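Here's the structure, in structure tokens; my notes come after.
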Amino acid sequence: MSCSKPEQLAINQYNELLAQAFEHPVTSKSSQHFPARRDLTLAELDSQLTLLESLQLKQCDLLYLASEKNQILNKHQSGADNFVFQLTLLNQLTQCLQTEQEMPNSERDFLSALAQEKRAKLPSYFWNLLFSDEPSYHFFAQYTQLYPLSGHRFAVASQQSLSYLIEIKQQINTISASSAASIPASLLTQLKQLPEHLAILAQSRYIASLLHSADLASTQLEQATSLLTTHQADIDCHSKRNNVPFSQLKAIFSHRFIKQMQPYLSQINTELHQVMPLLASLLKPYPTQLEADVTAQLDNVLATQQRLQQANLAHQQQWQTLFERCQQKVGS
């Protein structure tokens with residue numbers, strides 16, 4: 001334990017000592033998982049344009065974009081690049097429909113249908129921007145390093161990047177809900193900052209660390225509460241028998257739970273209070289294409305803070321019951 005980091009001591013040592021007191025095996029595995037990247041990625045959003053369809057895009061230099069699109073579909077393009085590409089294509093389609101007055105009806109109908117399709121799929125393109133690329137996906141998931149007790153150096157920058165993405169999402173949803181609105185120039189300007197914010201997400205792993213730590217802490221608290229509940233009959237308030245003495249448990253409670261684990265839980269809860277509303281705004285509403293079990297997993301992720309608070313309260317109430325049974329005050 002001497003080489004362990006403070007957050008490792010704060011979240012693990014209390015349970016280990018409590019389990020040892022009851023001669024019970026120590027378990028500390030995380031129980032909650034963010035959905036897999038493949039389950040979050042929305043597949044088959046686009047199909048290649050036929051040659052005849054491509055020729056109908058000769059208006060407004062759209063043929064070049066169509067050719068580029070077909071080439072890209074034959075390659076592995078990042079979700080972020082595809083999102084920007086689709087937004088650019090929709091912008092040019094919309095402008096073309098608004099400015100070209102002498103366009104044949106067949107071409108106008110085709111371009112209108114294509115623009116309508118792209119507009120409707122903008123939220124899906126944005127969702128893939130978040131989760132189809134490994135670097136951005138890892139900001140949210142699959143990280144087993146505990147949140148630093150000293151604070152996360154990317155906390156502020158990560159929250160700013162989340163706020164930026166939420167603002168982009170809100171504008172995208174507004175555009176998607178409209179039948180013919182142009183893409184605001186301000187949005188196209190904002191998108192120039194997208195690589196910078198995605199780079200922060202890829203580097204920081206802020207939410208993944210926070211979610212993992214909160215989940216592990218909840219699991220530890222739930223296991224500790226179960227230990228105290230199950231072994232009530234084995235706890236001797238006056239240390240007159242060979243059972244587990246209350247004085248030993250009280251020392252573990254005071255020195256490990258109150259002085260060590262509680263400050264860490266408080267820090268985690270403070271961070272969750274700031275970031276979970278941002279995460280909920282970014283994730284909801286879920287895409288309709290997601291499987292039910294995937295949305296259930298996401299619901300569990302968004303309930304992370306609630307679970308931690310409930311586990312902490314239930315654990316403290318169990319100690320309160322024990323102190324009352326042994327006729328002692330918690331602060332004594």
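Give the residues of the stretch 17-27 that are in a helix (DSSP H, G or I) and either free of Cβ contacts under 8 Å to residues at least 12 places away in the same chain or among the basic types (K, R) (or both), sorted by residue number.
Filtering the stretch 17-27 for residues in a helix (DSSP H, G or I) gives 17-21.
If the condition is that a residue be in a helix (DSSP H, G or I) and either free of Cβ contacts under 8 Å to residues at least 12 places away in the same chain or among the basic types (K, R) (or both), then Q20 is the only one that fits.
If you take the residues of the stretch 284-332 that are outside any helix (DSSP H, G or I) and either among the aliphatic types (A, V, I, L, M) or in contact with an Asp or Glu (Cβ under 6 Å, 6 or more places away or on another chain) (or both), which of them is farthest from L45 (Cα to Cα)? Don't jump to the end; show me each part of the working.
We begin by selecting, within the stretch 284-332, every residue outside any helix (DSSP H, G or I); these are 284-291, 303, 326-332.
Restricting the remaining residues to those that are either among the aliphatic types (A, V, I, L, M) or in contact with an Asp or Glu (Cβ under 6 Å, 6 or more places away or on another chain) (or both) gives 290, 303, 330.
On the way: L290: 13, A303: 30, V330: 59 Å.
Taking the candidates together, the pick is V330.
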**Request:** Consider E16 carefully, then state whether it is at pLDDT 85 or above, out of contact with any helix residue (DSSP H, G or I) (no Cβ under 7 Å at 6 or more places or on another chain) and open to solvent by 40 Å² or more (accessible area, probe 1.4 Å).
**Result:** yes
**Message:** Go through (1) under 30 Å from T321 (Cβ atoms); (2) part of a helix (DSSP H, G or I) for H238 and report which single condition fails.
**Reply:** (2)
**Prompt:** Taking the stretch 119-162, which residues are open to solvent by less than 20 Å² (accessible area, probe 1.4 Å), assigned to a loop (DSSP other than H, G, I, E, B) and among the small types (G, A, S)?
**Reply:** A141
**Complete:** Checked pairs for the stretch 96-125, first over 21 Å from P287 (Cβ atoms) and charged (D, E, K, R), second in a helix (DSSP H, G or I) and open to solvent by 10 Å² or more (accessible area, probe 1.4 Å), C-beta under 9 Å and 6 or more apart or across chains, list as E100/Q59; E100/C60; E100/E107; E100/R108; E107/Q59; R108/Q59; R108/L97
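The values are calculated or read from the model by the stated rules, or taken from the named source; none is laboratory data. Just so we're clear, the structure is a prediction, and the values are computed from it rather than from any experiment. Don't worry about glycine lacking a Cβ; one is built from the backbone with ideal geometry, like all the others, and counts go over all protein chains shown. All accessible areas refer to the heavy atoms of the entire protein, side chains included, with ligands and DNA or RNA removed. Shrake-Rupley method; radii C 1.70, N 1.55, O 1.52, S 1.80 Å.
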